[in-house]
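Q: This is the structure, below, for whatever I ask next.
The values are calculated or read from the model by the stated rules, or taken from the named source; none is laboratory data. This one's a predicted model, so the numbers in the text were calculated from it and none came from an experiment. We place every Cβ from the backbone using ideal geometry, glycine too, and count neighbours over all the protein chains shown.
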Amino acid sequence: MFHCQTFASIIQVKTDNAAVITLDNASMTKKTIWLNPAYQQTCPPTAIFADRDGTLIRHVDYIDDPAKIELLPGVKAGVQRLIEAKIPFFILTNQSGVGRGYFPIERVYACQARLFELLEIEPTQIAGWCIAPEAPETAGGYRKPSPRFIQAACQHLDLAPTECHMVGDTLVDLETAWNAGARAWAVACGKPALPEAHAAGTITGGCYRICPDFAGCLAQIMP
């Protein structure tokens, strides 16, 4: 069931037509934002957006070492199932360690490449991703809970955000879904704050469902 402690109407905000930003002459995994043109015309009328740290991989604060990337149980099979079903799958990750000066963006790209290795897929097999390297105080970027990337991806695929799903392990991920008008899914396998708030009934702002992990969410989204 969907949980709505304090229900607020989901507001759809139109995209501001911001350009998709990539790095010139970069390899496939060295892009901060990428939308796969292969998904533009041939896709079901839905999409799955997922947070990375704590949702797809084990959470490590300010992770910048590819050797520390560890897939959570069921993630590889779940992502491969989405690919086989031709359901567009996007990864969204805030990486403020770059904006804070803790490590360079190249370390994030290395972790991104390692993620695809562990998933045993090519980057071009998913619909796209968004790496937001901004520090929290930086305005105007794609950092969650901004809905800008979901809006741009939905515009790219001609999808209604209300038919799409956002999965994550933090309140910020839920807020990203609510801000975009997408369906919000929480997982209990990442940071403990979200499942604790769920148990206490203190999550406000919109409706959501909570599952043990990413695989559990997919089992309900596409049974």
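Q: Name the residue that is surrounded by the fewest Cβ atoms within 10 Å (Cβ to Cβ), counting only residues in region 95-108 that are under 16 Å from the mean Cα position of the chain (by Cα) and within 17 Å of Trp34 (Cα to Cα). If you could, list the steps in order and put the result at the bottom.
A: To start, the set of residues in region 95-108 that are under 16 Å from the mean Cα position of the chain (by Cα) comprises 95-96, 108.
Filter again for within 17 Å of Trp34 (Cα to Cα), leaving 95, 108.
Details: Gln95: 25, Val108: 21.
Selected residue: Val108.
Q: Additional query: Any residue at all in region 134-142 that's surrounded by fewer than 24 Cβ atoms within 10 Å (Cβ to Cβ) and within 14 Å of the chain's Cα centre (by Cα)?
A: Restricting attention to region 134-142, the residues satisfying the condition of being surrounded by fewer than 24 Cβ atoms within 10 Å (Cβ to Cβ) are 134-142.
From what's left, within 14 Å of the chain's Cα centre (by Cα): 142.
Yes; the residues of region 134-142 include at least one that is surrounded by fewer than 24 Cβ atoms within 10 Å (Cβ to Cβ) and within 14 Å of the chain's Cα centre (by Cα).
Q: With the requirement that a residue be out of contact with any helix residue (DSSP H, G or I) (no Cβ under 9 Å at 6 or more places or on another chain) and hydrophobic (A, V, I, L, M, F, W, C), what does region 53-109 give you?
A: Listed by number, the list holds a single entry, Ala85.
Q: Applying the selection to region 165-223, what residues are closer than 19 Å to Pro88 by Cα, hydrophobic (A, V, I, L, M, F, W, C) and surrounded by fewer than 23 Cβ atoms within 10 Å (Cβ to Cβ)?
A: Answer for region 165-223, where residues must be closer than 19 Å to Pro88 by Cα, hydrophobic (A, V, I, L, M, F, W, C) and surrounded by fewer than 23 Cβ atoms within 10 Å (Cβ to Cβ): Ala215, Ala219, Ile221, Met222.
Q: What are the pairs, 6+ residues apart or on separate chains, where a residue within region 95-114 that is more than 19 Å from Asp51 (Cβ to Cβ) has its Cβ under 7 Å from a residue that is of a type in the set (Gly, Ala, Ser) and surrounded by 18 or more Cβ atoms within 10 Å (Cβ to Cβ)?
A: Once the first residue is more than 19 Å from Asp51 (Cβ to Cβ) and sits in region 95-114, its partners that are of a type in the set (Gly, Ala, Ser) and surrounded by 18 or more Cβ atoms within 10 Å (Cβ to Cβ) give Phe103/Gly97.
Q: Which one is modelled with the highest pLDDT among residues in region 26-53 that are part of a loop (DSSP other than H, G, I, E, B), of a type outside the set (D, E, K, R) and crowded, with 21+ Cβ neighbours inside 10 Å?
A: Just the residues of region 26-53 that are part of a loop (DSSP other than H, G, I, E, B), to begin with: 26-32, 36, 40-47, 52.
Okay, now just the ones that are also of a type outside the set (D, E, K, R), so 26-29, 32, 36, 40-47.
Those left that are additionally crowded, with 21+ Cβ neighbours inside 10 Å: 32, 47.
Working: Thr32: 93, Ala47: 97.
Among residues in region 26-53 that are part of a loop (DSSP other than H, G, I, E, B), of a type outside the set (D, E, K, R) and crowded, with 21+ Cβ neighbours inside 10 Å, the one modelled with the highest pLDDT is Ala47.
Q: Name the helices (runs of 4 or more DSSP H) wholly within region 144-223 that hold at least 3 residues that are without any contact (Cβ under 8 Å) to a residue 12 or more places away in the chain?
A: Values: elements: 148-157, 171-180, 193-200, 214-221.
Because the criterion is at least 3 residues that are without any contact (Cβ under 8 Å) to a residue 12 or more places away in the chain, the helices (runs of 4 or more DSSP H) in region 144-223 that meet it are 193-200.
Q: Further question: Looking at this structure, is Phe90 part of a strand (DSSP E or B) and either without any contact (Cβ under 8 Å) to a residue 12 or more places away in the chain or in contact with a His (Cβ under 8 Å, 6 or more places away or on another chain) (or both)? Full working, then the answer.
A: Values: part of a strand (DSSP E or B): yes; either without any contact (Cβ under 8 Å) to a residue 12 or more places away in the chain or in contact with a His (Cβ under 8 Å, 6 or more places away or on another chain) (or both): no.
When the stated conditions are applied, Phe90 does not pass them.
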